[in-house]
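In what follows, a structure is listed as structure tokens, so that the remarks can point back to it.
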Amino acid sequence: MICPSCQASLLRKERAGSVCSSCGRAFALDPKVHGRGMHDTRIRRIAEHATDGGRRQITVTQLWYLARNANRTWTAAPASGRPPWIGRTVGVVLVAGLVALGFLIGEGHFSGLLWWAGAAVAALVYMVAKGRPHRPARRAGGYLSPSLRDFRSMICVRWVQAYGSLPPGIVDDEKYQEAGGDTRGGAGAVRRTGGQPRAEAVELLCPDRAVRVFLAANGFPRRLNLTLAARLDELSGTGPVMVLHDADVRGLHLVADTRASLPQRVVVDAGLPVRAVVGNSTAVKLHEEPPAGVLREQPPWLARIAQAAPEEAAWLIEGWRSPVAAVPPALLASAVERAVQKARGDRERQPAAAVGFMSWPEPAAPKDGT
């Protein structure tokens, strides 16, 4: 690997203990230990791009999505082939039959030929009975590599040990509140700054902690007069509500629940649209079995999607999801600003809010081997 400090090319024996034998400086990550693409130069480059040189704050979880080296997915498949016991049973019966045939036909040249002919027929019968190798039914699934737990260990432990702190612009979303950060934000219905009334407060409902920390760390609540909430029961204002969610069944169901619970308030679906993910090779895709209660009776919102975009409805029903925290930070920030403007505009016009607003860009960070 290349030393991130002196750029020397190091063999495995020349970087023992994560220390460069050329310059004597410690480094955090070794791709031979931590996985393909997991080295200081690449992580630093991704972080610098995502944070705009440290001018924007992003979370460790967002950095994980950007720095992933693989997103493996597989579709559901029914059981195939014959169970192994069938081949074993037929094989035992055929062997017993050949033994019995040997005793019955006795010895002799003709008898030997007859026995071998019987053995050939038995082998053919066995192959037909055995059939294709059995494969059990497989449920759909997906994962990211490295795992979030492993990546947090790399960045929050190894990186801090080597450099004394996280990369510039990176905040630990799991410890943000412990360090004094506020993930709710404070906003009254109307505030005045320099004698001028501020726009009405908007409440943003987002179950994803990494996204709430990202918004709070970048001053969105103060700058946009925005209040952040993690659950529906935390909404207590009278102004517009934005629901920022993953592209999945749970997120869309949360929008429906919010509208049903707050019929007198404008509710804008600010979530990652399914159309931006389905068929997009750069989007992060994971799998999670959708709540049985949601799909037991097809909800109206799912029926509308099924009628307008059957492929998207099938994707949702199969349990696929794409996290909004995986959206490149610059796009997420601009999308939230647009959604806040839309929420306030809809409050003035009082129409039903449109579904979805974001488009998916080209990959925002260098990928494997860069």
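So here's what we get for this one:
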| read-out | value |
| --- | --- |
| Residues of the stretch 231-253 classified as out of contact with any Pro (no Cβ under 6 Å at 6 or more places or on another chain) and either open to solvent by 10 Å² or more (accessible area, probe 1.4 Å) or among the aromatic types (F, W, Y) (or both), total | 12 |
| Residue list for the stretch 316-334, filter: open to solvent by 20 Å² or more (accessible area, probe 1.4 Å) and more than 20 Å from V243 (Cβ to Cβ) | I317, E318, A330 |
| Wholly within the stretch 1-90, helices (runs of 4 or more DSSP H) carrying at least 1 residues that are of a type in the set (S, T, N, Q), touching a Phe, Trp or Tyr at 6+ places or on another chain (Cβ under 7 Å) and under 22 Å from T282 (Cβ atoms) | 60-67 |
| Any hit, the stretch 49-58, residues being over 23 Å from the mean Cα position of the chain (by Cα) and on the phi < 0 side of the Ramachandran plot | yes |
| Qualifying residues in the stretch 42-85 (those that are out of contact with any strand residue (DSSP E or B) (no Cβ under 8 Å at 6 or more places or on another chain) and among the charged types (D, E, K, R)) - the one surrounded by the most Cβ atoms within 10 Å (Cβ to Cβ) | R42 |
| Residue satisfying condition, being aliphatic (A, V, I, L, M) and either open to solvent by 50 Å² or more (accessible area, probe 1.4 Å) or modelled with pLDDT of 90 or more (or both), within set A96, A100 | A96 |
| Where H39 falls short, out of the listed (1) in contact with a Pro (Cβ under 7 Å, 6 or more places away or on another chain); (2) open to solvent by 20 Å² or more (accessible area, probe 1.4 Å); (3) at positive phi | (3) |
| Helices (runs of 4 or more DSSP H) wholly inside the stretch 103-170 containing at least 2 residues that are surrounded by 15 or more Cβ atoms within 10 Å (Cβ to Cβ) and not charged (D, E, K, R) | 109-130, 160-163 |
| Condition met for W64 (aromatic (F, W, Y), in contact (Cβ under 8 Å) with a residue 40 or more places away in the chain and under 20 Å from A210 (Cα atoms)) | yes |
| For V284: the one exception among (1) assigned to a loop (DSSP other than H, G, I, E, B); (2) aliphatic (A, V, I, L, M); (3) open to solvent by 50 Å² or more (accessible area, probe 1.4 Å) | (3) |
| The one condition in (1) over 19 Å from the mean Cα position of the chain (by Cα); (2) under 18 Å from D269 (Cβ atoms); (3) at pLDDT below 50; (4) surrounded by fewer than 19 Cβ atoms within 10 Å (Cβ to Cβ) that P299 fails to fulfil | (3) |
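The values are calculated or read from the model by the stated rules, or taken from the named source; none is laboratory data. What you see is a predicted model; the values in this text were computed from it and never measured. Positions of Cβ are backbone-derived with ideal geometry, glycine not excepted, and every protein chain shown enters the neighbour counts. The accessibility values were calculated without ligands, DNA or RNA, using every heavy atom of the protein model including side chains. Shrake-Rupley method; radii C 1.70, N 1.55, O 1.52, S 1.80 Å.
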